[in-house]
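The values are calculated or read from the model by the stated rules, or taken from the named source; none is laboratory data. From a predicted model like this one, the values you see are computed outputs, not experimental measurements. No Cβ is skipped: glycine too gets one built from the backbone with ideal geometry, and neighbour counts run over all protein chains shown. Protein only, heavy atoms only, side chains kept; ligands, DNA and RNA dropped before computing areas. Shrake-Rupley method; radii C 1.70, N 1.55, O 1.52, S 1.80 Å.
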Amino acid sequence: MIIYKGTPMIETQRLVLRKIEMNDASRMFDYIFSDHRVMDNLIKGPHKAISETIDRLTEITNHYVSENFCYWGIEMKESGELIGTIDLYNIDDGTENCEVGYNIGFNWWNQGYGSEALHAIVEFAFRFMNIHKISATHNIDNPASGRIMLKVGMKREGIIRHMIRKNNQYKDCGIYGILQQEYLEMNFLNPIPILNVVH
Ligand SMILES: CC(C)(COP(=O)(O)OP(=O)(O)OC[C@H]1O[C@@H](n2cnc3c(N)ncnc32)[C@H](O)[C@@H]1OP(=O)(O)O)[C@@H](O)C(=O)NCCC(=O)NCCS
């Protein structure tokens with residue numbers, strides 16, 4: 001059975017994962033949601049006006065009342081800067097499987113933050129929520145996303161051809177997954193190395 005915990009605060013070595021707040025809107029718009037380098041790899045594409053970000057954050061913050069809503073802002077512990085988001089979605093009580101999605105602002109790419117946040121959420125989902133399987137997909141033009149999935153132990157399961165359509169062009173996506181049992185076996189000798197604290 002899934003043990004829902006909402007969106008608790010999670011600390012890793014360099015990051016704090018926490019609930020998004022409405023006053024994050026301008027930063028989220030400037031560094032993430034309006035930036036095509038970040039958003040072109042996501043289904044919906046960049047926000048054109050801050051009102052779209054405000055609407056999205058309103059939707060997100062309203063959902064925090066539900067225990068089964070898991071959407072974190074990724075904040076740098078040292079500076080307090082919000083640099084990205086990560087969420088568990090399509091959480092299915094029948095299979096106890098879910099998917100993970102994430103983004104990191106362009107200024108902070110290739111410094112290990114994406115992997116650190118993803119590892120923390122995989123750890124949290126398997127050890128604290130008792131999720132059975134986590135899956136994710138990425139557009140094959142976006143290899144960094146596949147790379148961080150592999151780094152946390154996800155396996156490439158195949159390619160879904162023409163899964164998305166961007167600017168009238170179809171794109172193939174790689175699909176990745178990891179089972180709770182294989183994750184726990186993989187990390188058997190090193191339990192909870194990635195999480196400092198879950199509040
Ligand atoms: C995908 C994303 C979250 C990665 O975040 P990040 O903080 O840069 O990730 P990390 O620094 O932990 O790791 C990036 C890895 O990708 C590798 N990488 C970067 N660009 C690459 C490329 N063009 N080809 C292959 N690997 C690449 C890096 O070398 C690094 O691997 P390494 O540690 O083995 O060297 C970030 O690029 C992002 O937000 N992209 C836009 C949004 C997005 O794609 N979201 C996911 C949708 S599926």
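Points worth noting:
- Cα gyration tensor, the range 101-168 - rounded (a/c under 1.5), prolate or oblate: oblate
- Only helices enter the 222 nm calculation for the chain: every DSSP H run of n ≥ 4 contributes -39,500 (n - 2.57), and dividing by all residues gives -7500 deg cm²/dmol, rounded to 500.
- Looking at the range 39-111, the GluC sites (Glu not before Pro) that sit in a DSSP loop and have at most 12 other Cβ atoms within 10 Å of their own Cβ are 67, 78.
- Net length available on complete extension from residue 37 to residue 14 is 5.9 nm, with 0.36 nm assigned per residue and the Cα-Cα distance removed.
- Beyond 26 Å in Cα-Cα separation lie the following of the pairs 5/77; 48/151; 77/133; 19/77; 151/171: 48/151; 77/133.
- Global form of the range 72-139, assessed from the alpha-carbon gyration tensor, a/c cut-off 1.5: prolate
- The residues of the range 10-198 present an accessible area of 52 Å² per residue when probed at 1.4 Å with all protein chains retained.
- Loop-located trypsin sites (Lys or Arg not before Pro) across the range 21-130 with a Cβ neighbour count of 13 or fewer within 10 Å are 44, 48, 77, with loop assigned by DSSP.
- Rolling a 1.4 angstrom probe over the chain with all protein chains present gives an accessible area of which 50% lies on carbon and sulfur atoms.
- Principal semi-axes in Å for the range 1-140 [√(5λ), Cα gyration tensor, largest first]: 23, 17, 15
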